[in-house]
1. Please count how many residues of region 200-229 are farther than 25 Å from Phe102 by Cβ, touching a strand residue (DSSP E or B) at 6+ places or on another chain (Cβ under 8 Å) and surrounded by 23 or more Cβ atoms within 10 Å (Cβ to Cβ).
2. Do we have Ala522 as part of a helix (DSSP H, G or I), modelled with pLDDT of 95 or more and within 19 Å of the chain's Cα centre (by Cα) here?
3. Please find, among Leu585, Leu606, Leu655, the residue that is outside the structural domain of Tyr119 (by TED's automatic domain parsing), surrounded by 18 or more Cβ atoms within 10 Å (Cβ to Cβ) and at pLDDT below 95.
4. Please find, within region 429-483, the residue that is surrounded by the most Cβ atoms within 10 Å (Cβ to Cβ) out of those that are part of a helix (DSSP H, G or I) and among the hydroxyl-bearing types (Ser, Thr, Tyr).
5. Taking Leu234 as the residue in question, decide whether it is within 29 Å of Arg5 (Cβ to Cβ), more than 20 Å from the chain's Cα centre (by Cα) and at pLDDT 95 or above.
6. Here are Asp507, Asp488, Asp477, Asp568: which of them is charged (D, E, K, R), within 30 Å of Ile413 (Cα to Cα) and more than 20 Å from the chain's Cα centre (by Cα)?
7. Determine whether region 383-397 contains at least one residue that is more than 20 Å from Glu247 (Cβ to Cβ), touching a Pro at 6+ places or on another chain (Cβ under 6 Å) and in contact (Cβ under 8 Å) with a residue 12 or more places away in the chain.
8. Look through Ala36, Ala17, Ala89 and report the one residue that is surrounded by fewer than 23 Cβ atoms within 10 Å (Cβ to Cβ), more than 30 Å from Glu532 (Cβ to Cβ) and of a type in the set (A, V, I, L, M).
Amino acid sequence: MPSHRLRIDGATFRDSANRQVTLHGINIAGDSKLPATPDIPSHTREHFFEGDYVSFVNRPFALSEARTHFSRLRRWGFNTIRYIFTWEALEHAGPGKYDEDFIKHTIDTLRVAQEYGFYVFMDPHQDVWSRFTGGSGAPMWTIYACGLDPKKLMDTEASLVQNTWPDPAQYPKMVWATNYTRLAVQTIFTLFFSGKEFAPKCVIDGKNIQDYLQEHFVGACKHLATRIHEAGDLEGETVIGYETVNEPNKGYYGHPDLSKIPKDQKLRKATTPTGFQAMLTGSGRAVEIETWEFGGLGPYKSGTQLVDPKGTSAWLDPDEWDDSTYGWKRSPDWKLGECVWAQHGVWDPNTNELLRPQYFAKHPSTGETLDQDVWTNTDFMDYYKHHTSAMRSVWSDCFLLIQPSPFEIPPEIKGTPEGDDANTIFASHFYDGITLITKKWNRYWNVDVLGVLRGRYSSPAFAIRLGETAIRKCFRDQLSSIRQEGIDNMGVHPCLFTEIGIPYDMDNQHAYKTGDYSSQSAAIDANFFAIEGSQVQGLTWWVYTASNSHYWGDQWNGEDLSIYSSEDRPLPSPVTAASQSTLSLDPASPSYSASHTSDPITPGSLNKTLTTDSMTPSATSNPPDAPQGFRAAEAYTRPYPVAVAGTLTSYGFDLKTCTFTLALSASRPIDANSPTEVFLPSFHFPSTPGATHVQASGGKWEIRVVDGEGAAPRQVLRWWHAQGEQKLEVKGVARKRGVVERTEGEEDEGWLGAYWRFGKGCSVM
């Protein structure tokens, strides 16, 4: 068998047999953003502000449960994990105080993932900076370090936090993301990436807050990487690399006018303050602020609302706070209790007058006009180099996944040392915003969001796509454009979509009441159609959450995107039992011929690759949890090319007709021990005679069930083809989408029954 270790060859991943590998993965886990002890989901107030004393041990799940979850995911066809951890999980107790128990749990969990043959890359995850600013990521002490009081952010609307919302169950859909344009998060990201430029007075322990925060964050990531390195058995075969940081944000950098809502601020929901209005309410002033809602055609202004903090300030009160709590020393030039932007002359707290509305629009030293692209190529890249240096100092050959801000143009590094780094991966995200925010799948129209952002239309009306076919193609074309932007700006590197997903609680949780997941199935299928047609090198779907429930979803901010929920009705047991081999047994199949079955294949030649000894009717028992928890699984449990002996030209799965197609180009004869392999989920491609039909342009093929890793059986088609242009088509059983059903006799017969009924007549195609 080829080594599991991957290498990067231009824009592709290849194994030791030089086969092109597709990374077909999943994010684990949605609740890794949250402490496990005490258990603090985002909808509870209890223990919320005890941030120094939490533990993330047992995230993403308890070690005793890890084999259940990894086995389930491996059977569903996933081969890659984006492993979510947070800075808070590593360093919650205070600066430089690492949680070694959590790190040990992480290493132990990674070793279980190794048993199942997963590729893993580590994701230092954040959403709107921290749990204490409405998201996840950074520890509570970083809020204090920035001069803000996490207990007063809600009263001033400096952040809208579900844990402190009057009724957490009524927390508005997707309002958490608006924290990116509220005072606390915009301030902290500005300090993290650009503090030396815009906040020179913010010095702590003799360092600008930018350096202080970055050194601690990168230091925590490096510490985890060091422990993984010291484990001795994880790098390369299992852990393949590290992502930079999830969804980085520029904060106020490049803000054109603090007195106005920027035109490029597309997410407007609930109260939507200007930058200056947020500074005023953050300092206790009452302000009339616009309110917005998100409708079918995007955001629209719905009115105004008085936000009155009644004198409460989001900034630390020096009479109530002592910096010695965490042992740091703040510069006397940095006054606690006063807005840092007032201290830098942006506005006058005595007159409440905006003095410098364009403070963030130009570089303070050079006068250069600033925008997203400038930030990506300067301040973000400075951070990236810092992070890269730290990770490579631990493991010089690790893959590094560079992730710019979502839907933004990647950095222009082609021809630079960073762009020429062969072990770099372009990581991007894609969500259908209309579906995500409205929690409805609209089959009738959608919008080319990327095209609008890139200015490709004279009017947004021209970006509208009508009909489900056009919508699916629109998704595909957007992903293709993002991939091409990576090539144009970064050079030739693999492109992975490390987040893409859909909400399951569509239509007011209609599916949970009826079992009808047809909307979810259609939305998932549209996104996978886009992935398959865009020629990217893989994905990690968002998300798997073991604790998902119908009422609270993924336990975080009302999101419900997990492909798994223990509260969901099961699919049928796998049609194909966990046998060693199931081959084409149907004489009616177009690809069946006597000549293909006349001679056994032995290791001696291409025509003799398998001996009869390698095929036995023995079956291993399926774990009892196997069918549990699927949600619209027919759409995400789909075939894909695991390893291609050559170069993949195209592939795709038509869920409606249950047809998988693949085209490849092989420059040389393939190794008998390293054929092209395709994952074929038995739900779509059952072993019952006449159910699965294979047509190949040439060569020989077999369908077999492999259980080599962690006793997680998976049905795989192996294809020994000649060199040159080759094509494969596999047709399975088309099923009604979004519902659970069985075909007649599936559960009773399975592979073993077919084996005996055909008189032990296994054949190799």
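1. The total comes to 2.
2. no
3. Matching residue, one of Leu585, Leu606, Leu655: Leu585.
4. Thr435
5. The answer is yes for Leu234.
6. Result of the check over Asp507, Asp488, Asp477, Asp568: Asp488.
7. So far as region 383-397 goes, no, none of its residues is more than 20 Å from Glu247 (Cβ to Cβ), touching a Pro at 6+ places or on another chain (Cβ under 6 Å) and in contact (Cβ under 8 Å) with a residue 12 or more places away in the chain.
8. The conditions single out Ala36.
The values are calculated or read from the model by the stated rules, or taken from the named source; none is laboratory data. Quick caveat: nothing in here was measured; it's all calculated off a predicted structure. Don't worry about glycine lacking a Cβ; one is built from the backbone with ideal geometry, like all the others, and counts go over all protein chains shown.
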